[in-house]
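Chemist: Structure provided below as C-alpha cells; questions to follow.
The values are calculated or read from the model by the stated rules, or taken from the named source; none is laboratory data. Bear in mind that the values here come from a model prediction, so they are computed numbers and not experimental data. As a convention, Cβ positions derive from the backbone with ideal geometry for all residues, glycine included, and neighbour counts pool all protein chains shown. SASA here: full protein model, heavy atoms, side chains in, ligands and nucleic acids out. Shrake-Rupley method; radii C 1.70, N 1.55, O 1.52, S 1.80 Å.
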Amino acid sequence: MNEKTPMQKRAAAARHTTSVDQSNRRVPINLRQSGPTPVELLISTRVRKSPYWHLSYESDCWQATIYNRMYHPRAHIPKEQGGVMAEYDALVNHVAMWNVAVERQIQVKGPDAEKFVDFVITRPANIIKPMRGKYVILCNEEGGIMNDPVLLRVAEDEFWFSISDSDIEFWLRGVNIGKGFDVTIAEIDVCPVQIQGPKSEALMTDLFGSEVSDIPFYGLMEGTLNGANVIISQTGFSGEKGYEIYCLDATLNAEKVWYGVLEAGEKHNLKVTAVAHHRRIAAGILSWGQDVDQEVSPFQCNLGYQVPKDKEGDYIGKAALEKARVQIESGESPYPLGMVGIVFGGEPVIDYANDFWLIYGEEGDDAVGYVTSPWYSPELETNIALCHVPWNGRDVGTKYRVALPTEFGGEIVDAEIVSIPFRPSVNPNSREVEKSRTSAPVS
C-alpha cells in the first residue's frame, strides 16, 4: 500500500467522526481533528474590548480568545518563561489576578425579581438572601443548559447574573415578553476581576480591611478601592481560595481597581495571569461551550444536584428534567453519553486543546466519545481530562484510550475513569459535599 502524503493525512484527520453516538443532538460536536490552524486574531470594533483589555495588554497578555463577544486573555507569561504552567504556579502557591470582564453582568431588578429568577433557574431563588450568591443553571424547555452563572443577590429586589459564555440577556428578555413579570432586564456597567490563590485573603484584607475574612463562601460585601465602588464576593473559577471584585461604573473606574490591586499585590507576589483552566479542570469546574452547552442536560455532566426534587414552583425545563430523572432511575437513560473524569498517559498536556480529542474503547477502531477539557496535573503527575463517554461506560475504573494530537506525541494512550474532582477545592461545592457525605456517586 502506498504511504499517504501529508495532505492526505491532514484530510483524513479532518474528517468528521460518525461513530460517536450524538443522536440526541441537533448540532453535533465537530469531532474533526484539524489541529492548531494558526491564524491571527483580528482585533476590531466588532468584538468588544472590556475596560480592562488595555490593562491586560499592558500586563503582557500575548494570547486571547473570544468569550461573550469580548476579548478574553488566555496567556500572559511567555512560553520561554514557563507559559501557562508558570501561571499555574502563581495561582496555587501565591496569588493571581484575572481579567474576567467577559463575565458580563445581567441585572434583573423590580418587584417581581425573585419570582422571575425562580422561573428561569432550576434551584429555588428564595434560598439566595440579599448580599449572597449561588452557582446556578438556567435550562431551556428541553432541559439543556443555557448558562451556568454565579447569581448574585445584591438587594431584595435586584439580582446580577454573572454569566458564562452565552447571550443569556437575550434569553431572559425573550422569556419575559411572554410572562410579563414586573422587572427590568439589562446588562450593567459592572466588570469583575478575580483574585485567586492561597494569598488572596491576605491581599484582599490589605485592600478592604479585616472584614474580608468574615465573608462566607458565596457571600458579598460592599467596598471602595481608590474611590471606585465595588462589590466583593468569595467566589472563583479555580478551586483555590479566591475572591471577585466587581467594579461598578467600570468604564470610568477600571484603572482605579486594576492599579490598586497591582500596587497592594506587590508584597504578595501577585501575578496577572489568564484564567487557570488547568486548576478548574482539577476541581471539576465546567466551562460552558466547551464541556456543556444548550444540548447537554445537567444529568449528563454531574450537575444533577442543581435539579432539586422538591422545588414547588414551575421553572423552564422542569417537565423535561423530571421526565429524564424518572427514565434514568428506571435504567432507561435518554442520553447516549455522559461526562466523566479520566487520567491518561502520553506527553504532558501543557497547552490548550485545539480539538475535541477522540476516545476509544479498550478494543476496536471506532471512536466512542471525546475529550472536552484536558490538562496536565503537576500534583497528580498525570494528564487529566473531562470527557463524554457512553452512558453505560461511566463507572470508575473503566478503561479507555485517547488519541493525542501530534503536538502531544500523536499516540493513542491508555486512559481510566476516576472520581471528580481530581483534586479537592478549598470551598467544596454542593455536589462534593453530598458525595463525601454519602460516599456514593451523585449525578
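Chemist: With Val257, Val307 as the choices, which residue is open to solvent by less than 40 Å² (accessible area, probe 1.4 Å) and within 22 Å of the chain's Cα centre (by Cα)? Don't jump to the end; show me each part of the working.
Modeler: Numbers: Val257 fails: within 22 Å of the chain's Cα centre (by Cα).
Among Val257, Val307, only Val307 is open to solvent by less than 40 Å² (accessible area, probe 1.4 Å) and within 22 Å of the chain's Cα centre (by Cα).
Chemist: Quick check: anything in the stretch 238-245 in contact with a Pro (Cβ under 7 Å, 6 or more places away or on another chain) and part of a strand (DSSP E or B)?
Modeler: yes
Chemist: Do you know which residues across the stretch 215-237 are over 24 Å from His278 (Cα atoms), in a loop (DSSP other than H, G, I, E, B) and open to solvent by 60 Å² or more (accessible area, probe 1.4 Å)?
Modeler: Asn226, Gly227
Chemist: Here is a further query. Restricting the search to the stretch 335-352, which residues are open to solvent by less than 50 Å² (accessible area, probe 1.4 Å) and over 13 Å from Val402 (Cα atoms)?
Modeler: Selection gives Tyr335, Pro336, Leu337, Gly338, Met339, Val340, Asp351, Tyr352.
Chemist: In contact (Cβ under 8 Å) with a residue 12 or more places away in the chain, part of a strand (DSSP E or B) and among the polar types (S, T, N, Q) - does that describe any residue in the stretch 323-334?
Modeler: No - not one qualifying residue is present in the stretch 323-334.
For (1) surrounded by 24 or more Cβ atoms within 10 Å (Cβ to Cβ); (2) within 20 Å of the chain's Cα centre (by Cα), each residue gets a yes or a no:
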site: Asp60; (1), (2): no, no
site: Pro73; (1), (2): yes, yes
site: Lys79; (1), (2): no, no
site: Met85; (1), (2): no, yes
site: Val117; (1), (2): yes, no
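Chemist: Of the residues Val47, Val108, Val102, only one is open to solvent by 20 Å² or more (accessible area, probe 1.4 Å) and either at pLDDT 95 or above or under 30 Å from Leu270 (Cα atoms) (or both); which? Show your work before the answer.
Modeler: Values: Val108 fails: open to solvent by 20 Å² or more (accessible area, probe 1.4 Å); Val102 fails: open to solvent by 20 Å² or more (accessible area, probe 1.4 Å).
Being open to solvent by 20 Å² or more (accessible area, probe 1.4 Å) and either at pLDDT 95 or above or under 30 Å from Leu270 (Cα atoms) (or both) holds for just one of Val47, Val108, Val102, which is Val47.
Chemist: Another question, then. Say we look at the stretch 192-214 and pick out the residues that are open to solvent by less than 10 Å² (accessible area, probe 1.4 Å) and not small (Gly, Ala, Ser); which of these is farthest from Leu262 (Cα to Cα)? Before you say what the answer is, go through the steps one by one.
Modeler: Filtering the stretch 192-214 down to residues open to solvent by less than 10 Å² (accessible area, probe 1.4 Å) leaves 192-197, 200, 203-204, 212.
Pick out the ones that are also not small (Gly, Ala, Ser) and you get 192-196, 203-204, 212.
Working: Pro192: 15, Val193: 12, Gln194: 12, Ile195: 11, Gln196: 13, Leu203: 10, Met204: 11, Val212: 18 Å.
My answer is Val212.
Chemist: Right, here's the next one. Read through the list (1) surrounded by 23 or more Cβ atoms within 10 Å (Cβ to Cβ); (2) in a loop (DSSP other than H, G, I, E, B), then give the number of the only condition that Ser166 fails.
Modeler: Here Ser166 meets the rest and fails (1).
Chemist: Oh, and also: Please verify whether Val183 is open to solvent by 20 Å² or more (accessible area, probe 1.4 Å), touching a strand residue (DSSP E or B) at 6+ places or on another chain (Cβ under 6 Å) and of a type in the set (A, V, I, L, M), treating the condition exactly as stated. Outline the logic, then answer.
Modeler: On the way: open to solvent by 20 Å² or more (accessible area, probe 1.4 Å): yes; touching a strand residue (DSSP E or B) at 6+ places or on another chain (Cβ under 6 Å): yes; of a type in the set (A, V, I, L, M): yes.
So Val183 fits the description; yes.
Let's see how each residue does on (1) over 17 Å from Cys301 (Cβ atoms); (2) touching a His at 6+ places or on another chain (Cβ under 6 Å); (3) in a strand (DSSP E or B):
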| site | (1), (2), (3) |
| --- | --- |
| Arg401 | yes, no, yes |
| Glu416 | yes, no, yes |
| Pro424 | yes, no, no |
| Glu432 | no, no, no |
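Chemist: Would a scan of the stretch 135-157 turn up a residue that is over 24 Å from the mean Cα position of the chain (by Cα) and either hydrophobic (A, V, I, L, M, F, W, C) or under 23 Å from Ala319 (Cβ atoms) (or both)? First the steps, then the outcome.
Modeler: Taking the stretch 135-157 first, the residues over 24 Å from the mean Cα position of the chain (by Cα) are 155-157.
Subset that is either hydrophobic (A, V, I, L, M, F, W, C) or under 23 Å from Ala319 (Cβ atoms) (or both): 155.
Yes, that holds for at least one residue.
Chemist: Taking the stretch 260-270, which residues are open to solvent by 20 Å² or more (accessible area, probe 1.4 Å) and of a type in the set (A, V, I, L, M)?
Modeler: Hits for the stretch 260-270 are Leu262, Ala264, Leu270.
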